[in-house]
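Have a look at the structure below, then the notes.
The values are calculated or read from the model by the stated rules, or taken from the named source; none is laboratory data. Bear in mind the structure is a predicted one, so any value in this text is a computation, not a measurement. In this analysis, Cβ positions are derived from the backbone assuming ideal geometry, glycine residues included, and neighbour counts consider all displayed protein chains. SASA here: full protein model, heavy atoms, side chains in, ligands and nucleic acids out. Shrake-Rupley method; radii C 1.70, N 1.55, O 1.52, S 1.80 Å.
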Amino acid sequence: MTVSMLLILFLYGLIFGSFFNVVGLRVPNKTLFKQKRSYCDTCERTLTWSELIPVWSFIAQKGKCKECKSKISLLYPTMELATGFLFVFTYYITGFNADFIFALLLIAMIIPVTVSDIVYRRIPNRLLLFFSLLFVNYRLFYPLDPIWDSFIGAGFALVLVFLIILISKGGMGMGDLKYYTLFGFIFGLSHFLLLFFLSTLYGAIFGLIFAKIKKLGRKAKIPFGPFIGLSALTVFYFGDALIQWYLNLFL
Ligand SMILES: [Zn+2]
């Protein structure tokens, strides 16, 4: 593991992160392949190449459009940096192997879903369907042990989250249900249980902080997709260790 390797992966992560932003912003509008170049949301001017440089363009322009001075969302450089960090961290944990490919698929799904859920409060079906096909194929080559754990995980997730939606009336949506179910399939039952627990924990912690800062009541709606995605990454990197630690408490 060389420093130059990590640096190259980080730069790739920034570039891919920039693309994942575009996917998350355009897939819900069905404009992913219709608009060729990136443009300013406010003045609709096509961006020059220097304005397309991930993170740097945001810093150089002090977070504003060069032309109309409208604010550029902090979400974009944040997601670019997150992707860069995740690429490096994944390589650090897994090296180059099947797990690395698996993590890239996870990141490529989670970042656009997070962007879409934050911006539009929606988890696009098209994204989930596209990545479901890729993950089913991945599991054909690298099945869980035992193989039916994928179906137990997905079935359990579907029933659990469906019941929660029925009982809570509006806390979680159908997008969350599908997203959780896909992760049940991907990770199997025990890791899904950990993922579900972590997502509610992250959501609760964020909800408390958010309520304090914004002085909003409990009714303020927070999109849940970002917490599901963050939990899936936690489970991928630390799931085995966390489950082992938990079991050791009782055995
Ligand atoms: Zn502009």
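Put +1 on the Cβ of each Lys and Arg and -1 on the Cβ of each Asp and Glu in the chain; which of Leu6, Leu160, Phe89 then has its Cα farthest toward the positive end of the dipole?
Going by the Cα projections, it comes out as Leu160.
Find, among the chymotrypsin sites (Phe, Trp or Tyr not before Pro) in the stretch 80-158, those assigned to loop by DSSP (not H, G, I, E, B) with at most 15 other beta-carbon atoms within 10 angstrom.
Those satisfying the criteria are Phe96, Trp148.
Using alpha carbons only, how many degrees (0 to 90, rounded to 10) separate the axis of helix 125-141 from the longest principal axis of the chain?
That works out to roughly 50 degrees.
Among Ser168, Ser190, Ser18, which one moves the most in a GNM of the chain with springs linking Cα atoms closer than 10 Å?
Evaluated over the chain, the most mobile residue of the options is Ser168.
State to the nearest 20 debye the size of the charge dipole of the stretch 144-251 about its Cα centre, where the only charges are +1 on K and R beta carbons and -1 on D and E beta carbons.
900 debye
Which aspartates and glutamates have a Cα less than 19 Å from the Cα of Lys64, not counting those fewer than 8 places away in the same chain?
Cross-link targets: Asp41, Glu44, Glu51, Glu80.
About the Cα centre of the stretch 1-121, how large is the charge dipole given +1 on each Lys and Arg Cβ and -1 on each Asp and Glu Cβ? Please answer in debye to the nearest 20.
The calculation lands at about 520 debye.
Check which residues have an amide H placed less than 5 Å from Lys64's amide H, if you skip close sequence neighbours.
Correct list: Ile72.
At a Cα cut-off below 22 Å, give the lysines reachable from Lys212, other chains included and same-chain residues fewer than 8 away excluded.
Reachable lysines: Lys221.
Rounding to the nearest 10 and keeping the result within 0 to 90°, find how far the Cα-based axis of helix 149-168 lies from the longest principal axis of the chain.
Taking Cα atoms only, the helix is inclined about 70 degrees.
Tell me, Kirkwood radius of the stretch 6-108 from alpha-carbon pair distances, in Å?
Taking the inverse mean of 1/r over all distinct Cα pairs, the stretch 6-108 comes out at 14.6 Å.
222 nm [θ] for the chain, helices only, -39500 (n - 2.57) per DSSP H run of 4+, per residue, to 500?
-24000 deg cm²/dmol
Bin all alpha-carbon pair distances of the chain at 5 Å intervals from 0 and give each bin's fraction as a whole percent.
Over the chain, the share of Cα pairs per 5 Å bin runs 1, 6, 11, 16, 18, 16, 14, 10, 5, 2, 1, 0, 0 percent.
What Kirkwood Rh does the stretch 143-251 have if only Cα atoms enter the pairwise 1/r average? Answer in Å.
Radius from the Kirkwood sum: 14.7 Å.
Go through the stretch 107-122 residue by residue and turn each phi into a ³J(HN,Hα) via Karplus (6.51, -1.76, 1.60, θ = phi - 60°); whole Hz please, and just put x for glycine and proline.
5, 5, 8, 5, 5, x, 4, 4, 4, 4, 5, 6, 6, 10, 6, 9
In debye, nearest 20: dipole of the chain around its Cα centre with unit charges on the Cβ of K, R (+) and D, E (-)?
1380 debye
Quick one: length gained pulling Ile59 to Phe19 fully straight, 0.36 nm per residue minus the C-alpha distance?
Fully extending the segment from Ile59 to Phe19 adds 12.6 nm.
Roughly to the nearest percent, how much of the accessible area of the chain is carbon and sulfur, given a 1.4 Å probe?
Of all accessible area on the chain, carbon and sulfur atoms account for 70 percent.
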